[in-house]
Amino acid sequence: MEQNTNDEIEIDLLELFHLIRARIWIIILSGILTAVCAGLISSFLLTPIYTSTTKLYILNKSTSLTSLALQDLQLGTQLTQDYMVLVKSRPVVTQVIDNLELNMTYEDMLNVITIDNPANTRILEITADYPDPYLAKRIVDEFATVSTTRIAKIMDTSQPTVVEEGYLQPNPSSPNIKKNTIIGALIGILLSGGIIVVLYLLDDTIKDSEDIEKYLGLHTLGLIPIETGAQKQMELDKRKRRRQLKKGNRKKAGRG
């Protein structure tokens, strides 16, 4: 019994393999169509976003690098976390909006900028993602100017040093057309393949004698072969007999 079950599973998998191979053109065509759609949407419908980043170095000028102790580094790392909060504070954000004369709210600007502190460093990164590359650079540069002044005033310390000003990005950071096209192709292939498999699993119609034995438990006594084109020939014979019958009726009607 166990061997029969294994044989049935093997036959089903084999049939499924042949089915997928026979429908491979549908799967490939679906992948191509979804890839083209994803590429067109990414190219013409999605708004390109440009990224610009400025970097600040947090270190008290009174502390020399030669006398910098581990405790100073740990303290500086903790202060960097405080600076990240200060950069996103409402006074700093509002001042940047006013200086650049932008028609944006405080919440809108928070969605544009990102503050990050790379691990084990005292570097503060301010990044802006915006549809206009020139304005993205101006935003991060203005944040660097306003936040350094604000940090020095609030923390009663020296102003952070600007390590790197915002970069004017010539190419958009998103959308990634190549990546989206590949993802679209994979989605099309998986979706069409899944539909083919599901339709195959849901199809319980009887197609041959093996299906009769498998699903009904009955043994076929014999098979009646149908030659290629026999059904078509039967239809032609029926039409011919109908035409002959119509001619015969017309002759009878003429004699009457």
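General observations
Results for (1) at pLDDT 70 or above; (2) outside any helix (DSSP H, G or I); (3) open to solvent by 100 Å² or more (accessible area, probe 1.4 Å), shown as yes or no for each residue.
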| residue | (1), (2), (3) |
| --- | --- |
| LYS214 | no, no, no |
| GLN231 | no, no, yes |
| GLU235 | yes, no, no |
| LYS240 | yes, no, yes |
| GLN244 | yes, no, yes |
| LYS247 | no, no, yes |
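- Within the range 172-195, if we keep just the residues that are in contact (Cβ under 8 Å) with a residue 60 or more places away in the chain and surrounded by fewer than 17 Cβ atoms within 10 Å (Cβ to Cβ), the residue that is farthest from the chain's Cα centre (by Cα) turns out to be SER173.
- LYS137 meets the conditions (1) assigned to a helix (DSSP H, G or I); (2) farther than 18 Å from PRO160 by Cβ; (3) touching a helix residue (DSSP H, G or I) at 6+ places or on another chain (Cβ under 9 Å); (4) of a type outside the set (Asp, Glu) in every case but one. The failed one is (3).
- Verdict on ASP204 being open to solvent by 60 Å² or more (accessible area, probe 1.4 Å), at pLDDT below 80, of a type in the set (D, E, K, R) and over 30 Å from LEU110 (Cβ atoms): yes
- Contacts under 6 angstrom Cβ, first residue in the range 78-103 being in the same structural domain as ALA144 (by the TED database), partner surrounded by 15 or more Cβ atoms within 10 Å (Cβ to Cβ) and among the acidic types (Asp, Glu), 6 or more apart: VAL96/GLU142; ASN99/GLU142; LEU100/GLU142
- The range 47-97, subset within 12 Å of ILE151 (Cβ to Cβ) and of a type in the set (S, T, N, Q), residue modelled with the highest pLDDT: SER89
The values are calculated or read from the model by the stated rules, or taken from the named source; none is laboratory data. None of these values were measured; they are calculated from a predicted model. Ideal geometry is used to build each Cβ from the backbone, glycine not excepted, and the neighbour counts take in all protein chains shown. All accessible areas refer to the heavy atoms of the entire protein, side chains included, with ligands and DNA or RNA removed. Shrake-Rupley method; radii C 1.70, N 1.55, O 1.52, S 1.80 Å.
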